[in-house]
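Colleague: A single structure is presented below for examination.
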Amino acid sequence: MATPFLSIIVPIYNVENYLMQCIDSILAQTFKDFEVVLVDDGSPDSCPSICDAYQKKDARVKVIHKENGGLVSARKAGVAIALGEYIGFVDSDDWIEPDMYEKMCNACTQYNVDVVLCDIVSNYEHKEIQDSKSYRAGFYNKQALIKEVYPTMLYNGFLGGRGIEPSLANKIFVSNLLKNNIFNVDERIKIGEDMACTYPCLLDAQSIFILDNQFLYHYRRTPCSLTASYKDDYFCKSLILYNLLQKVSREKHVYDIEHQLHANLLFFALTSIENEFVKSAQKSLKEKMQLVTEIAYHRDVICATNEVRSNMFSLKYKMYNWLLKKQSCKTLFVLVLCVRIIRDRKVMRSIIN
């Protein structure tokens, strides 16, 4: 096989119900100059055999079988053998429009850019929502990136809001740019895996192109993904991401994103506290209270609460942030608990009715 223009990497784990739709949508692309790297990350279901079957019937398909190492590890394995001039990713439970890569690769060749972005459709069981974007469509050189994109790339004023969607899947990257960054991503990162690669790549990029209202990537919102489940060590895991991006910002000397990182840390801190009150959380109230206190007194969280303005936060998060800043841990604990109880009761009523 000649060197392809594009390599498409699909990390795979336990998605046998969705995998064929995903792969079929890739192989049906109107753009033909690509290879597909299917990375079986030790999947315990029928995914390995599905991958092998596709490899046998289409010469563009490569398959890697590896021990389970997580999403970052699987992506690295795929990138390591990718031959394309550009590299893209598709999550194995999602699917793409037939002309997605034709439109994105045409932009690459026409504008000679490092990164191309398209829009995302969030697909729920009975509806789909076109995700809005924050920036104008079109070409950005380095000066435009510094002036228009970097200032709100990771934080747009709303808690958890980001100017650039961190997903790797709605983007394609020139190969060297991606490889220079993805292998530096800590494989311990289990929260914000996309952020850990996308934002360093964008800081290094000399130019990008944003397609105009092209909703080409379908992100599947499954019932499991919508159900609140307890995430173990959420705050500790978020600190790994925070420390990595802080290191990246300081080493690249492209644009100071410290304030945006503080805002993201504040989001993760409050989300970590809420996480302790989901139904599946197994900790005692004493252990939960201890974690709230540890978060409130963490030096980086203290810095974040002092620096980040909350005027664009929702009322709930304004209250949470104020109590966190005051280190009123008991009051914050009780408030989050009450909000969770009220929310669970509303959900139960909606199910019954």
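Colleague: Residue check: is residue 124 touching a Gly at 6+ places or on another chain (Cβ under 8 Å) and modelled with pLDDT under 95?
Modeller: Values: touching a Gly at 6+ places or on another chain (Cβ under 8 Å): no; modelled with pLDDT under 95: yes.
Answer is no for this residue.
Colleague: A follow-up question, please. Quick check on my filter: what residues within the stretch 168-190 are part of a loop (DSSP other than H, G, I, E, B) and either within 14 Å of residue 203 (Cβ to Cβ) or touching a residue at least 60 places away in the same chain (Cβ under 8 Å) (or both)?
Modeller: Within the stretch 168-190, 168, 169, 183, 184, 185, 186, 187, 189, 190 qualify.
Colleague: Looking only at the stretch 240-260, count how many residues are more than 19 Å from residue 177 (Cα to Cα) and among the charged types (D, E, K, R).
Modeller: Residues flagged as more than 19 Å from residue 177 (Cα to Cα) and among the charged types (D, E, K, R) within the stretch 240-260 amount to 2.
Colleague: Go through 79, 90 for me and flag whichever is buried (at least 18 other Cβ atoms within 10 Å of the Cβ) and closer than 24 Å to residue 122 by Cβ.
Modeller: Residue meeting the stated conditions: 90.
Colleague: Failed condition for residue 152, given (1) in contact with a strand residue (DSSP E or B) (Cβ under 9 Å, 6 or more places away or on another chain); (2) over 25 Å from residue 7 (Cα atoms); (3) of a type outside the set (A, V, I, L, M, F, W, C), with all others met?
Modeller: Only one criterion in (1) in contact with a strand residue (DSSP E or B) (Cβ under 9 Å, 6 or more places away or on another chain); (2) over 25 Å from residue 7 (Cα atoms); (3) of a type outside the set (A, V, I, L, M, F, W, C) is unmet by residue 152, namely (1).
Colleague: Only one residue in 129, 87 is in the same structural domain as residue 16 (by TED's automatic domain parsing) and either closer than 20 Å to residue 21 by Cα or free of Cβ contacts under 8 Å to residues at least 40 places away in the same chain (or both), so which one is that?
Modeller: Exactly one residue qualifies, and that residue is 129.
Colleague: If a residue must be under 19 Å from residue 339 (Cα atoms) and of a type in the set (D, E, K, R), how many such residues does the stretch 288-324 contain?
Modeller: 3
Colleague: Just give me the residues in the stretch 163-180 being among the polar types (S, T, N, Q) and either under 21 Å from residue 107 (Cβ atoms) or touching a Leu at 6+ places or on another chain (Cβ under 8 Å) (or both), in sequence order. Break it down stepwise before answering.
Modeller: Taking the stretch 163-180 as the starting set, the residues that turn out to be among the polar types (S, T, N, Q) are 167, 170, 175-176, 180.
Hits for the stretch 163-180 are 167, 170, 175, 176.
Colleague: So is residue 269 within 18 Å of residue 166 (Cα to Cα), in the same structural domain as residue 336 (by TED's automatic domain parsing) and within 22 Å of the chain's Cα centre (by Cα) or not? Full working, then the answer.
Modeller: On the way: within 18 Å of residue 166 (Cα to Cα): no; in the same structural domain as residue 336 (by TED's automatic domain parsing): yes; within 22 Å of the chain's Cα centre (by Cα): yes.
It is false that residue 269 is within 18 Å of residue 166 (Cα to Cα), in the same structural domain as residue 336 (by TED's automatic domain parsing) and within 22 Å of the chain's Cα centre (by Cα).
Colleague: Residue by residue through the stretch 285-315, note down the ones that are of a type in the set (A, V, I, L, M) and closer than 25 Å to residue 245 by Cα.
Modeller: Passing the criteria: 291, 292, 295, 296, 301, 302, 304, 308, 312.
Colleague: Next question. Could you please give the count of residues in the stretch 288-345 that are hydroxyl-bearing (Ser, Thr, Tyr), at pLDDT below 95 and either surrounded by fewer than 15 Cβ atoms within 10 Å (Cβ to Cβ) or not assigned by TED's automatic domain parsing to the domain that holds residue 263 (or both)?
Modeller: Residues meeting the conditions: 1.
Colleague: Within the set of pairs 6 or more residues apart or between chains, which connect a residue that is touching a residue at least 60 places away in the same chain (Cβ under 8 Å) inside the stretch 104-126 to a residue that is aromatic (Phe, Trp, Tyr) and surrounded by fewer than 16 Cβ atoms within 10 Å (Cβ to Cβ) with Cβ atoms less than 9 Å apart?
Modeller: Listed by first residue and then by second, the contacts come to 107/139; 111/139; 113/139.
Colleague: Ok, one more. Tell me which residues, restricted to the stretch 316-344, are over 19 Å from residue 160 (Cα atoms), in a helix (DSSP H, G or I) and of a type in the set (S, T, N, Q).
Modeller: Within the stretch 316-344, 331 is the sole residue that qualifies.
The values are calculated or read from the model by the stated rules, or taken from the named source; none is laboratory data. Note that this is a predicted model, so its numbers are computed, not measured. All Cβ positions, even for glycine, are placed from backbone atoms using ideal geometry, and neighbour counts span all protein chains on display.
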